[in-house]
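Each reported figure results from applying straightforward, stated rules to the coordinates on display, with no laboratory input. Being a predicted model, the structure only gives us computed values, none of them experimental. A quick note on method: Cβ atoms are made from the backbone with ideal geometry, for glycine too, and the neighbour counts reach across all protein chains shown.
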Amino acid sequence: MASVIRAIEGRAIVTVNDHPDMREVFAGLDFERIEIQYTLGGAEALGPRGELIFYSWNRVDEPAGLS
């Protein structure tokens, strides 16, 4: 997946769990980290988790949005 997002000619977004291995696999891509709530095995296992959002383009140079 990381090689596909690096090679794509258009824009792509990939989200994965925040894990050191995922940061390594997608290294070099523009990304942000967000906190989300996961429910694992029932409401008692509810808790914040990190999610990484990787972008195939540089959002500073080319911000996405409606014009």
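Find the Rg to Rh ratio for the chain, where Rh is the Kirkwood radius over alpha-carbon pairs and Rg uses the same atoms. Intermediate results must be reported in sequence, preceding the final value.
Values: Rg = 14.3 Å, Rh = 13.4 Å.
We get a ratio of 1.06 for the chain.
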Q) Picking from VAL25, ALA12, LEU46, whose Cα lies most toward the positive end of the charge dipole for the range 2-55 (charges on Cβ: Lys, Arg +1; Asp, Glu -1)? A) ALA12
(Q) How would ASP30, ASP21 line up from fewest to most surrounding beta-carbon atoms within 10 angstrom? (A) ASP21, ASP30
Q: Subtract the Cα-Cα distance of VAL60 and ILE13 from 0.36 nm times their separation in residues, and report this length gain in nm to one decimal.
A: 15.4 nm
